[in-house]
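Structure first, then comments.
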Amino acid sequence: MNTLSWLIYMSSVLPSLSTFLAFTCLIAGFIFIIFFIIAIVSHIDGHDENISDLRARAVSKPLAKIAGAYLLVVGIITAMIPSQKTVLLIAASEVGEQVIKSKQFSDTLDPSMEFIQQWVKKQTSTMLEDAKK
């Protein structure tokens, strides 16, 4: 597959990937909030240092950090994923660049440019003559 094919494929896959990542960010956010609350409550209730409080604190702090880091990283990645329209515009740009660089385009453009240059010269000389009158 060439670059254009991959861009067209990505344009159809990226919206569902973005939705999936946003959903996992939502879940990670809930997990972060839950374990953050557990960590705070077990820290505030630190007067009674029983085994369950120590376990809750030992488990909830690292999980809250992991969930928070996941939320941050995946949230940034989700925000950076381009929309389907953007990917298709990039693909169109690639096609346009290939067309402009092709020999057929330059063969067609060269005679046209000569005609346009002659027409501009003729119009310029006509306008100068009209301005002198």
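Where a number appears in this text, it was derived from the coordinates with a stated rule and is not lab data. Please read all numbers here as calculations on a predicted model, not as lab measurements. So basically every Cβ, Gly included, is an ideal-geometry build from the backbone, and we count neighbours across all protein chains shown.
Things worth noting here:
- Between helix 84-101 and the chain: long-axis angle, C-alpha atoms, 0 to 90°, nearest 10: 30
- Relative contact order of the chain, defined on C-alpha pairs under 8 angstrom at six or more residues apart (%): 35
- Extreme residue, positive dipole direction of the chain, given options 12, 102, 89 (C-beta unit charges): 102
- Cut-off 19 Å, label 7 Å out along Cα→Cβ of residue 5, residues of segment 93-109 by amide N: 93-96, 98-99
- Ellipticity estimate at 222 nm from DSSP helix runs (n ≥ 4, -39,500 (n - 2.57)) divided over the chain, nearest 500: -32500 deg cm²/dmol
- Whole-Å distance, taken between Cα centres, linking segment 80-133 and segment 13-36: 47
- Label-to-label distance, nm, for residues given as residue 119 and residue 37 (7 Å Cα→Cβ offset): 7.2
- Gained length - residue 24 relative to residue 89, 0.36 nm times residue gap less alpha-carbon distance: 20.6 nm
- Nearest-ten-degree value, helix 103-132 long axis tilted from longest Cα axis of the chain: 60
- Acute angle (nearest 10 degrees) that the helix 3-44 long axis makes with the longest principal axis of the chain, alpha-carbon atoms: 30
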